[in-house]
Amino acid sequence: MNQKIKDKISTMEATLIDFRRTLHQHPEIAFEEIETTNRIAEKLEELSIPYKRMDPTGILAEINGEQDGKTILLRADIDALPVTELNDHLDYRSQVKDKMHACGHDAHTAMLMTAAAALNEIKAEIKGTVRLLFQPAEEVAEGARKMIEQGVIEGVDNVFGIHIWSELESGKVSCPPGPSFAAADMLTVRFKGKGGHAAMPHQTVDAAVMASQFVSTLQTIVSREIDPLHSAVVTIGKMEVGSRFNVIAENALLEGTIRTFDAVTRDKIESSIAQYAEHIALLYGGTVEVDYERKTEPVVNETHSAKLVQSVAAEAFGESALQEEPPTMGAEDFGYYMAEATGAFALVGSGNETKDTCWAHHHGRFNVDEAALKVGAELYAQYALAYLDQSEF
Ligand code: NI
């Protein structure tokens with residue numbers, strides 16, 4: 001653990017909280033983070049840290065250590081959500097109607113900026129390069145991919161990201177090796193039958209029957225086709241069929257999501273869905289189009305990186321700060337970086353009953369315990385240094 005980093009971050013706590021509150025008041029959603037990008041640029045300029053603007057939003061900054069070494073990428077997401085803030089009691093609540101930092105990305109941005117300031121002060125001690133990525137559009141699972149297309153991961157040896165977590169007690173750190181967030185895919189299915197009069201079903205092919213049968217049959221993919229020791233979710237969240245009580249529907253549109261952790265399960269589900277849909281259409285004399293779109297990659301912590309995060313956290317915050325959260329079927333587009341380089345993704349607890357910060361992410365009452373921000377900022381900086389300091393890794 002680097003004491004100078006710890007000391008610097010503790011002196012910056014008020015600035016850290018202030019920056020988070022400014023961002024919180026001015027939320028911008030995916031790929032519209034123009035003011036947010038400007039605010040980040042302004043701070044980096046004050047610190048004389050070189051950076052470049054990404055297209056269309058986001059920033060990549062770089063701190064080059066005075067000694068040779070590897071390159072680590074630290075990532076914070078910067079986007080907000082189309083959610084209405086219900087925290088009327090906060091004087092720093094969102095000033096933009098129906099937009100809110102309801103996932104804590106304002107906190108991530110402020111934490112990474114604080115880590116940058118601390119690391120920049122000890123540049124002479126850094127062996128290698130720290131890249132700081134302020135990534136847009138995490139909430140629509142497109143930002144990471146867009147950043148990778150623009151070269152952020154080239155030459156990177158290790159990646160590290162943090163998410164503030166309201167379900168975890170404030171100040172705790174969770175980073176177990178193995179799966180943490182699932183791969184999230186999107187499914188669109190269109191059945192086509194033949195419409196007609198409700199009283200003359202023999203002259204029609206009922207799209208409502210095909211769609212209903214499909215949703216019911218789909219349930220056996222998880223229960224009967226995949227290894228019960230491998231986790232998976234198949235959910236149909238939307239079904240549009242028919243127009244009137246006495247008309248047999250010609251078309252049905254279904255949309256859903258598939259969540260998995262491993263490639264074998266993911267491939268199996270994708271092929272089973274196509275098989276089920278085609279056979280149901282065939283059975284009833286209709287046709288079907290299946291569009292299976294792979295969205296985010298799973299977040300799977302590489303063992304060595306995760307253990308390094310745990311040891312850094314134990315040293316910086318005490319053994320009692322460590323906790324192992326179970327994996328979630330939720331998604332996080334950080335998985336795209338992990339498909340390109342080894343690394344880890346940590347959760348930093350921000351849940352505190354007395355401060356009313358245990359609301360679910362994406363809820364209008366969501367808020368973070370700001371005492372956890374310095375933990376996140378320090379974890380970014382200490383992990384980067386610890387990783388670059390290892391000669392054998
Ligand atoms: Ni989030």
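When both the range 48-72 and the range 124-192 are represented by their alpha-carbon centers, they are found 17 Å apart. Each of CYS103, MET54, VAL152 was placed along the dipole of the chain (beta-carbon charges, centred on the mean Cα), and the one lying farthest toward the positive end is CYS103. Taking a sphere under 12 Å around the Cβ of THR84 and counting the other residues whose Cβ falls inside, with K and R at +1 and D and E at -1, yields a net charge of +1. Which stretch or stretches of the range 16-49 have amide N atoms under 14 Å from the point lying 7 Å from GLU149's Cα along the Cα→Cβ direction? Counting only backbone N, you get 31. The Cα center of the range 73-107 and the Cα center of the range 10-32 differ in position by 9 Å.
Take the Cβ atoms of ARG365 and MET186, set R0 to 35 Å, and the FRET efficiency comes out at 0.80.
Seen through its C-alpha gyration tensor, with square-root eigenvalues sorted a ≥ b ≥ c, the chain comes out prolate because a/c lies at 1.5 or above while a/b is bigger than b/c. Of all beta bridges that DSSP places with both ends in the chain, some 65 percent have antiparallel geometry.
Inter-part distance, the range 268-300 to the range 333-393, computed on C-alpha centroids, equals 35 Å.
For the range 22-77, applying the loop criterion from DSSP together with a ceiling of 13 other beta carbons within 10 Å to the GluC sites (Glu not before Pro) yields GLU66.
In the chain, the calculated helix contribution to ellipticity at 222 nm averages -10500 deg cm²/dmol per residue, counting -39,500 (n - 2.57) for every DSSP H run with n ≥ 4. The charge dipole of the range 241-393, taken about the Cα centre with unit charges on the Cβ atoms of Lys, Arg (+1) and Asp, Glu (-1), comes to about 440 debye, rounded to the nearest 20.
Computed over protein heavy atoms with a 1.4 angstrom probe, the accessible surface ordering of HIS202, HIS101, HIS363, largest first, is HIS202, HIS363, HIS101. Counting Lys and Arg as +1 and Asp and Glu as -1 over every other residue whose Cβ lies under 11 Å from the Cβ of VAL299, the net charge comes to -4. How tilted is helix 207-220 with respect to the longest principal axis of the chain? Cα atoms for both, answer in degrees (0 to 90, nearest 10). With both axes taken from Cα atoms, the answer is about 50 degrees.
By a 1.4 Å probe calculation restricted to protein chains, THR257 has an accessible surface near 40 Å², given to the nearest 10. About the centre of its Cα atoms, the range 34-143 shows a dipole size close to 280 debye [charges on the beta carbon of Lys, Arg (+1) and Asp, Glu (-1) only; nearest 20 debye].
With θ taken as phi - 60° and the Karplus curve 6.51 cos²θ - 1.76 cosθ + 1.60 applied, the whole-hertz 3J(HN,Hα) list for the range 286-301 is x, 10, 8, 10, 10, 10, 9, 10, 6, 9, 7, 7, x, 9, 10, 6 Hz, x standing for glycine and proline.
With all protein chains in place and a 1.4 Å probe, the accessible surface of the chain carries 50 percent carbon and sulfur.
Net charge in the neighbourhood of MET111 (other residues with Cβ under 12 Å of its Cβ; Lys, Arg +1, Asp, Glu -1) is -2. Here the simple spin-label model places points 7 Å from the Cα toward Cβ, and for ALA199 and GLN275 these points are separated by 4.4 nm.
The values are calculated or read from the model by the stated rules, or taken from the named source; none is laboratory data. Being a predicted model, the structure only gives us computed values, none of them experimental. Cβ atoms come from the backbone with ideal geometry, glycine included; neighbour counts cover every protein chain shown. Protein only, heavy atoms only, side chains kept; ligands, DNA and RNA dropped before computing areas. Shrake-Rupley method; radii C 1.70, N 1.55, O 1.52, S 1.80 Å.
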